[in-house]
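I have placed the structure first, in the form of structure tokens, so that the comments after it can refer back to it.
Readers should treat all values here as calculations from the given coordinates under stated rules, not as data from a laboratory. These numbers were taken from a predicted model, which means no experiment stands behind them. No Cβ is skipped: glycine too gets one built from the backbone with ideal geometry, and neighbour counts run over all protein chains shown.
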Amino acid sequence: MKSALLLLTVGACVQVAQAGVTQDVLVDFDDQLGGIPPIETDGQFSEHVSFGTDDNNILMIFEGAGFVGGSSPNMLTAGISTTTDTFNGDIYMDFTVAANNLSFDILADNSSGVIAMLGIFHSGGFTELNVTGNGNFTDPIEIDLSAYSDVNSVELFAISDEFGLGIDNLAFTVPVPTPSTFAIIGLSGLLASRRCR
């Protein structure tokens with residue numbers, strides 16, 4: 001009987017933790033040191049997401065996002081060096097906890113048609129999408145990935161836009177355990193330790 005009660009308590013803990021409160025997160029790069037030319041960065045701006053690129057490129061904070069439709073002053077981009085004029089390196093977004101309600105802006109496109117690809121790793125598997133340019137350097141391409149649940153990673157790759165792309169205004173929600181969740185987990189631990197005696 002006591003073990004059945006313990007299993008029910010632990011099950012309730014898991015359900016409460018899964019149905020917990022969410023936190024809205026916005027990463028807009030505006031609190032980072034940026035410049036013209038851009039400044040190299042390590043991609044660690046938030047406890048909830050880290051950014052990376054492929055081995056041939058570096059991540060950079062570029063000042064001037066407001067000019068290309070982002071939040072002023074900065075955007076994140078990737079290229080072979082801070083002196084390049086082509087920012088076509090892949091940008092990887094890896095979430096520390098599965099994210100939901102995901103959206104971001106792609107900036108500085110000069111071309112129309114398919115200008116890049118997005119790879120989304122989510123609870124349903126992997127989805128690859130075309131990024132279609134609007135050909136207007138000052139209008140952001142708004143990416144809405146809210147249809148995908150529990151996103152672990154997003155990749156912007158195969159960038160063919162004439163001068164490359166940047167990203168800005170990454171917004172998403174992450175689960176946050178509530179104090180009552182911790183209390184229930186503590187209570188189940190006490191019950192488990194008492195059961196062992």
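So if each residue of separation counts as 0.36 nm, and I subtract the Cα-Cα distance between residue 171 and residue 127, what length gain in nm does that give?
Working: separation 44, 0.36 × 44 = 15.84 nm, distance 1.92 nm.
Between residue 171 and residue 127, full extension yields 13.9 nm more.
From the alpha carbon centroid of the range 135-159 to that of the range 105-132 is 5 Å. Every pair of different Cα atoms in the range 19-196 enters the Kirkwood calculation, which places the hydrodynamic radius at 17.2 Å. Among the GluC sites (Glu not before Pro) in the range 124-164, none sits in a DSSP loop with a Cβ that has at most 10 other Cβ atoms within 10 Å.
Label the range 35-98 by shape, choosing from rounded, prolate and oblate, from the square roots a ≥ b ≥ c of the eigenvalues of the Cα gyration tensor; if a/c is under 1.5 it is rounded, and otherwise prolate applies when a/b is larger than b/c, oblate when it is not. Each step should come with its number before you reach the end.
Numbers: a/c = 2.13, a/b = 1.26, b/c = 1.69.
Oblate is the answer for the range 35-98, as a/c is 1.5 or above yet b/c matches or exceeds a/b.
From the alpha carbon centroid of the range 32-54 to that of the range 66-98 is 8 Å.
By counting other Cβ atoms within 10 Å of each Cβ, how are 60, 117 ranked from fewest to most? Mind showing how you got there, number by number?
Working: 60 26, 117 16.
With the sparsest Cβ surroundings first, the list reads 117, 60.
For residue 46 and residue 85, the difference between the fully extended length at 0.36 nm per residue and the C-alpha to C-alpha distance is 11.3 nm. When peptides 69-77, 20-28 are sorted by average Cβ neighbour count within 10 Å, with the highest value leading, the order is 69-77, 20-28.
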